[in-house]
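J.: Below you will find the structure I want to go over with you.
Please treat every number below as a calculation from the coordinates, not as lab data. Everything numeric in this text was worked out from a predicted model, so none of it was measured. Cβ sites come from the backbone with ideal geometry, for glycine too, and all protein chains shown count toward neighbours.
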Amino acid sequence: GKIDTRSRTFAQSMQKSLNDPSLPSQIAGRNLAVLRDNRAYAEILVEIRNVHDQGEAWALRSDTIRQRDVQRIVNGILTYARSR
């Protein structure tokens, strides 16, 4: 029932960095076991691409696309860290 505002703020910061016209980002608040009882200040789970989608699976083979995806994640983390 309670909302983790720190993680929500982190997710919103990440969403701005992850958003891409070809790959729009979304926030979905869920009680995930992998994040439950985590001692981190704020926690989120990031899924950049899904191998179930054939186009995204092929994109994972490209080091250029993977590097671009990683840079978007790093930018989001840095943006969040600087705002703290």
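J.: Can you give the FRET efficiency to the nearest 0.05 for Arg61 and Asp20, using r as the Cβ-Cβ distance and R₀ = 25 Å? Mind showing how you got there, number by number?
T.: Numbers: r = 18 Å, r/R0 = 0.73.
My answer for the efficiency is 0.85.
J.: How high is the relative contact order of the chain, in percent, counting Cα pairs under 8 Å that sit 6 or more residues apart?
T.: Reported relative contact order: 41 percent.
J.: Can you compute 3J(HN,Hα) from phi for each residue in region 30-38, using the Karplus curve 6.51 cos²θ - 1.76 cosθ + 1.60 with θ = phi - 60°, rounded to whole Hz and x for Gly and Pro?
T.: Calculated HN-Hα couplings, in order: 9, 8, 8, 4, 5, 9, 5, 6, 7 Hz.
J.: Would you mind classifying region 37-84 by shape? Square roots of the alpha carbon gyration tensor eigenvalues, ordered a ≥ b ≥ c; an a/c under 1.5 is rounded, otherwise it is prolate if a/b is larger than b/c and oblate if not.
T.: Oblate, because a/c is 1.5 or more while a/b does not exceed b/c.
J.: Then there's this: Over region 1-67, one equal point on each Cα, no solvent: what is log10 I(q)/I(0) by the Debye formula at q = 0.14 Å⁻¹?
T.: -0.53
J.: Using alpha carbons only, how many degrees (0 to 90, rounded to 10) separate the axis of helix 63-83 from the longest principal axis of the chain?
T.: With both axes taken from Cα atoms, the answer is about 20 degrees.
J.: Next question, about the same structure. So for the pair Glu47, Val34, with labels modelled 7 Å out along Cα→Cβ, what separation do we get in nm?
T.: Simple spin-label model gives 0.8 nm for this pair.
J.: In addition: Estimate the FRET efficiency between Val74 and Thr5 by the formula 1/(1 + (r/R0)^6), using the beta-carbon distance for r and 30 Å for R0, to the nearest 0.05.
T.: The formula returns an efficiency of 0.80 here.
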